[in-house]
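What follows is one structure encoded as structure tokens, with my remarks underneath.
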Amino acid sequence: MDINKIKNILKNFSQERDWEQFHSPKNLSMALSVEASELVEIFQWLTEEQSYNLTDSKKQHTKEEIADIAIYLLRICMKLDIDLEEAILEKMKKNEEKYPVDKVKGSAKKYTEL
């Protein structure tokens, strides 16, 4: 994935429409939350098995909601000058410390319950 290419596309799209004025971190985070809820809605009431076997139309809808989530997440990173790759790597390091393999393997417990 070429993040810089995607960032340029997103920035141009927003600037051409004069939407930068609306794209504050606050507004973008709210929009991200809405899109995440729309993704959740797709899976609401499905069984575990059904969630793995979406119809073509539901899979397409899922793909579009995931794209919306990624778009808003990247826009927030752009507005706050956050390197997404760096943020992910730092967070995974913390997660490794919170969830050592020998204590959590095969368990869904939260780190506070270990």
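Derivation of every value follows stated rules applied to the coordinates shown; laboratory data play no part. Bear in mind the structure is a predicted one, so any value in this text is a computation, not a measurement. A quick note on method: Cβ atoms are made from the backbone with ideal geometry, for glycine too, and the neighbour counts reach across all protein chains shown.
Between L39, Y99, S14, the Cα set farthest toward the positive side of the dipole of the chain (charges on each charged residue's Cβ, about the Cα centre) is that of Y99. Under the shape rule built on the C-alpha gyration tensor, where the axes satisfy a ≥ b ≥ c, segment 3-82 is prolate, since a/c reaches at least 1.5 and a/b is greater than b/c. Between D102, D18, D56, the residue with the greatest mean-square fluctuation in the GNM of the chain (Cα pairs under 10 Å linked by springs) is D102. Other residues with beta-carbon under 9 Å from the beta-carbon of A31 carry, at +1 per Lys or Arg and -1 per Asp or Glu, a net charge of -1. Multiplying the residue separation of D18 and M92 by 0.36 nm and subtracting their alpha-carbon distance yields 23.0 nm.
When the dipole is taken about the Cα centre of segment 3-82, and only Lys, Arg (+1) and Asp, Glu (-1) are charged at their Cβ, what size is it in debye, to the nearest 20?
Values: 10 positive and 13 negative charges, 82 e Å.
Approximately 400 debye in magnitude.
From the helices alone, meaning DSSP H stretches of at least four residues, give me the mean residue ellipticity at 222 nm for the chain, per-run term -39500 (n - 2.57), in deg cm²/dmol to the nearest 500.
Values: 6 runs with 82 residues, N = 114.
Mean residue ellipticity, 222 nm, calculated: -23000 deg cm²/dmol.
In the elastic network of the chain, a GNM with C-alpha springs shorter than 10 Å, the most mobile of L84, L32, L54 is L54. May I ask for the angle, rounded to the nearest 10°, between helix 25-43 and the longest principal axis of the chain, with both axes built from Cα atoms and the value confined to 0 to 90°? Relative to the chain, helix 25-43 is tipped by roughly 50 degrees.
Highest mobility in the GNM of the chain, judged by mean-square fluctuation with C-alpha springs under 10 Å and restricted to S57, S24, S14, is found for S57. Taken one residue at a time, the phi angles of segment 54-66 give Karplus couplings (6.51, -1.76, 1.60, θ = phi - 60°) of 6, 5, 4, 5, 5, 5, 5, 4, 4, 4, 5, 5, 4 Hz. Gly and Pro are set to x. Note on segment 32-55 and segment 96-113: Cα centroid distance 26 Å, given to the nearest whole angstrom.
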